[in-house]
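Read the structure below first, then the notes.
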């Protein structure tokens with residue numbers, strides 16, 4: 001059976017690029033496109049698509065919300081997310097929803113082909129370096145690692161600011177970024193990152 005794709009992205013040039021790769025590599029047929037998450041859901045009701053390629057940053061209904069709805073309504077249709085959102089918490093959310101694969105928008109043609117073929121072979125596809133502890137650690141700056149270690153030791157934002165000669169505002173901004181990148185919400189969760197291990 002021919003794989004019938006629907007691509008959801010609000011950038012026509014990007015949609016054309018993916019369509020060209022699918023056609024050139026004879027991976028299937030792009031039968032429909034959508035520029036919003038809401039439009040994607042509407043088109044899924046009327047077309048025979050059996051593979052979805054989806055961006056996260058879209059108007060009306062973003063990719064995360066759309067993927068969650070699709071997985072509840074059409075659990076057997078595989079979803080490949082292609083996005084500039086590469087932080088750990090986003091990718092972890094995609095896994096929890098049941099998305100079948102992810103590649104960054106900076107992908108090489110071969111990445112897209114491999115992702116589609118693996119997913120069609122009933123496997124998930126998350127590129128090397130986008131999995132588990134190593135991915136979380138690679139995202140962290142040296143300053144963020146310093147702050148994590150001080151948090152684990154029980155220091156407050158004020159104490160960290162004094163030790164590193166930073167403003168409290170700067171420390172709090174780092175703490176927010178650390179939470180976004182790692183998904184950790186408590187010092188105990190941060191301690192489990194094992195930052196001293198090789199990334």
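So in the range 41-62, with the set limited to residues that are in a loop (DSSP other than H, G, I, E, B) and under 30 Å from residue 178 (Cβ atoms), which one is modelled with the lowest pLDDT?
Looking at the filtered set, the residue picked out is 59.
Checking residue 171 against (1) in a helix (DSSP H, G or I); (2) within 30 Å of residue 19 (Cβ to Cβ); (3) modelled with pLDDT of 90 or more; (4) in contact with a helix residue (DSSP H, G or I) (Cβ under 7 Å, 6 or more places away or on another chain): exactly one of these is not met. Which one?
Residue 171 satisfies all of (1) in a helix (DSSP H, G or I); (2) within 30 Å of residue 19 (Cβ to Cβ); (3) modelled with pLDDT of 90 or more; (4) in contact with a helix residue (DSSP H, G or I) (Cβ under 7 Å, 6 or more places away or on another chain) except (2).
For a quick check of your reading: which helices (runs of 4 or more DSSP H) sit entirely within the range 63-153 and have at least 1 residues that are closer than 29 Å to residue 33 by Cβ and modelled with pLDDT of 85 or more? Spell out the reasoning first.
Numbers: elements: 63-73, 88-97, 109-120, 132-139, 142-152.
Where helices (runs of 4 or more DSSP H) fall fully within the range 63-153 and carry at least 1 residues being closer than 29 Å to residue 33 by Cβ and modelled with pLDDT of 85 or more, they are 63-73, 88-97, 109-120.
How about the range 100-115: which of its residues are in contact (Cβ under 8 Å) with a residue 40 or more places away in the chain and in contact with a strand residue (DSSP E or B) (Cβ under 9 Å, 6 or more places away or on another chain)?
Within the range 100-115, the subset in contact (Cβ under 8 Å) with a residue 40 or more places away in the chain is 105, 109, 112-113.
Within the range 100-115, 105, 112 meet the criteria.
Consider the range 1-21. How many of its residues are more than 17 Å from residue 106 (Cα to Cα) and assigned to a helix (DSSP H, G or I)?
Matching residues across the range 1-21 total 0.
Residues are listed down the side, and each one gets a yes or a no for (1) in the same structural domain as residue 120 (by TED's automatic domain parsing); (2) crowded, with 21+ Cβ neighbours inside 10 Å; (3) more than 28 Å from residue 92 (Cβ to Cβ):
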| residue | (1), (2), (3) |
| --- | --- |
| 10 | yes, no, no |
| 19 | yes, no, yes |
| 28 | yes, no, yes |
| 31 | yes, no, yes |
| 36 | yes, no, no |
| 45 | yes, no, yes |
| 54 | yes, yes, no |
| 57 | yes, no, no |
| 63 | yes, yes, no |
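The values are calculated or read from the model by the stated rules, or taken from the named source; none is laboratory data. Quantities reported herein were computed from a predicted structural model and do not represent experimental measurements. Cβ: placed from backbone, ideal geometry, glycine included. Neighbour counts: every protein chain shown.
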